[in-house]
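Trainee: Before anything else, here's the structure in question.
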Amino acid sequence: MAKQQKIFTVHLGCSKNQVDAECLITEFLHLGFKTVDSAAKADYILINTCGFIEPAKEEAINTILAHIAGRKKNQKIIVTGCLSKRYGDELKAELPEVDYWAGLYKPGELVRQMGLTPAESCAVPMRQNLGGFKHHAYVKIAEGCERQCAYCAIPKIRGRQVSRPISEIVEEAQMLEKSGVKEITLIAQDTTFYGREKKSVAGGNLKDLLRALLDNTNIPWIRMLYWYPAFIDDELLEMIANEPRLVKYIDMPIQHASDNVLKPMLRKYAAKELRDILLKIREKIPGVTLRTTVLVGFPGETHEDFEQLMDLLGEIRFEHLGGFVFSPEEGTPVMAMKKLEPVAESDARMRLDAVNEMQEEICAENAENMIGKEVTVILDEVAEESEFHFYGRTEANSMDVDDIVRVVEGDGDVGTFRKAIVVDAGPHELDVKLI
Ligand code: SF4
């Protein structure tokens, strides 16, 4: 009787990369492997890498080197994901200690490379959930991106957009629902462009997908991330406003708000258009939570441009915001834009500090206004060894990226929804008591 093989996974990067790792692990499980929670116990170490920007690449390389250094006798190391896709050939030459390399997830590709035969039942994989919460799952609705934003390497790594068929996504959601999932988060590089690429096999656009998920599952919370400021019409917004199971949460990276920056960034919208879309979302979906991402220090950005960004952030008052300083990425369109005046690192950092300072004030004021409010909380986990009972989230908190809710009073079951009253709040946490 062959010894059961044990596999340990290190997942790096975004939720889209996480779904790839989950599909990979599921293939190994179907082949009788067992997942373990430490490298020391494993026969195979799977490192699913991110290769988006410099810090992510460094983290991936350091993680690989650490596992090579700590490798047990006969232990095999597998490297997959974006870094492997982007720099596979160079890395293979530099890191001969790695046993198997694979790029982005392709059903059966890696296990075949390892001399194994993929199990039949992987057609629509019943996925191993790396997120750690049985009641939540990311559902990737498309791979790749049609846009060519000047600072972004993703189209080079993940290719043009390919939307999954609505029927396949619904089937996966139904399987996830059967396995106890109460919240799915729909993800892609550009979720609002779902089903709109040429020769798409989706069988419809984002609204059609949402309608199909609402009609064919009873999943209580359906959330979306990674909107692009396009294809956002009244019908879509009204659908979200009127359907209780569509979470009132819009994640839309805007990157900037000055035409003088948006143009060379190759973002396909003007500042006025962007402002109009944001104001319409606020108007059409009362109480909506808005999350965004901004990029400061893009070559050519002037102080006046930055002031325009701050004006929009001050007006829209995003509930959640992630700010980044531009970092040049080889092979991206901006590298050829030699005429653009680089922004001094110190200026870019000062601008990011100003963005974060303003955002902190907005979060503090929003938190203050939440005290005494009634909210619906999903209980994510028991708060071990802490004064709190549970950690959870409201509709306003997306998994992994947003603040959490701390339950100070009340009992319940993990993975269930509970009504609660906000008894205290800080810029980055809400304290509630269950009712
Ligand atoms: S929309 Fe732009 S930033 Fe987002 S993945 Fe596509 S190219 Fe990159």
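Trainee: For segment 179-256 and segment 1-77, write down the distance between their C-alpha centroids in whole Å.
Mentor: 31
Trainee: Roll a 1.4 Å probe over the protein chains and send me the accessible area per residue for segment 371-434 in Å².
Mentor: 48
Trainee: So, with a 1.4 angstrom probe, what is the percent of accessible area on segment 136-369 that is carbon and sulfur?
Mentor: Exposed carbon and sulfur together represent 53 percent of the surface.
Trainee: Could you size up the charge dipole of segment 51-152 around its Cα centre, putting +1 on the beta carbon of Lys and Arg and -1 on that of Asp and Glu, and report it in debye to the nearest 20?
Mentor: The calculated dipole for segment 51-152 is roughly 400 debye.
Trainee: Long-range amide H contacts for Arg393: which residues qualify at under 5 Å (H placed 1.01 Å from N, peptide plane, sequence gap of 5 or more or a different chain)?
Mentor: Ile378, Asp380, Val405
Trainee: Taking a point 7 angstrom from the Cα of Glu90 along the C-beta vector, which residues in segment 42-57 have backbone N less than 14 Å away?
Mentor: Residues 51-57 qualify, since their backbone N sits under 14 Å from the label point.
Trainee: On full extension of the chain, what length is gained from Lys373 through Lys134, given 0.36 nm per residue of separation minus the C-alpha to C-alpha distance?
Mentor: 83.2 nm
Trainee: Is there a quick way to get the dipole size of the chain? I mean about its Cα centre, with the Cβ of Lys and Arg at +1 and of Asp and Glu at -1; what is the value in debye to the nearest 20?
Mentor: That gives the chain a dipole magnitude of about 1940 debye.
Trainee: Give the lysines whose C-alpha is closer than 21 Å to that of Lys373, dropping any in the same chain fewer than 8 places away, or say none.
Mentor: Cα-Cα hits under 21 Å: Lys248, Lys419, Lys433.
Trainee: Could you point to the residue in Val261, Ile371, Cys82 farthest towards the positive end of the chain's charge dipole, with +1 and -1 charges on the Cβ of Lys/Arg and Asp/Glu respectively?
Mentor: Cys82
Trainee: So what J values fall out for segment 261-277 if you push phi through Karplus, 6.51 cos²θ - 1.76 cosθ + 1.60 with θ = phi - 60°, rounded to Hz, Gly and Pro as x?
Mentor: 9, 4, 4, x, 6, 6, 7, 8, 7, 8, 4, 5, 4, 4, 4, 4, 4
Trainee: Let me ask something additional. Please go through segment 336-380 and write out the trypsin sites (Lys or Arg not before Pro) that DSSP classes as loop and that have at most 16 other C-beta atoms within 10 Å.
Mentor: Taking segment 336-380 and a limit of 16 other Cβ atoms within 10 Å, the loop trypsin sites (Lys or Arg not before Pro) found are Lys338, Lys339, Lys373.
Trainee: Would you be so kind as to identify which of Val247, Met175, Met224 lies farthest towards the positive end of the dipole of the chain, taking Lys and Arg as +1 and Asp and Glu as -1 on Cβ and the Cα centre as origin?
Mentor: Met175
Trainee: Can I ask one more? Which of the pairs Lys16/Lys198; Lys6/Lys134; Lys57/Lys280; Lys272/Lys339; Lys57/Lys106 have their Cα atoms more than 31 Å apart in this structure?
Mentor: Lys57/Lys280
Trainee: A further question follows. Would you work out the charge dipole size for segment 136-369 about its Cα centre, treating the Cβ of every Lys and Arg as +1 and the Cβ of every Asp and Glu as -1, and quote it to the nearest 20 debye?
Mentor: Result for segment 136-369 is approximately 980 debye, rounded to the nearest 20.
Trainee: If you don't mind, another one. Tell me which residues come under 5 Å, amide H to amide H, from Asp251 once H is placed; ignore anything under 5 positions away on its chain.
Mentor: It is Tyr226, Trp227, Arg291, by chain and number.
Trainee: Give me the accessible area per residue for segment 60-160, probe 1.4 Å, as a whole number in Å².
Mentor: 47
The values are calculated or read from the model by the stated rules, or taken from the named source; none is laboratory data. All values reported here derive from a predicted model rather than from experimental measurement. Here the Cβ is made from the backbone with ideal geometry for all residues, glycine too, and neighbour counts use every protein chain on show. Side chains are part of the model used for accessible areas, which takes the heavy atoms of the whole protein and leaves out ligands, DNA and RNA. Shrake-Rupley method; radii C 1.70, N 1.55, O 1.52, S 1.80 Å.
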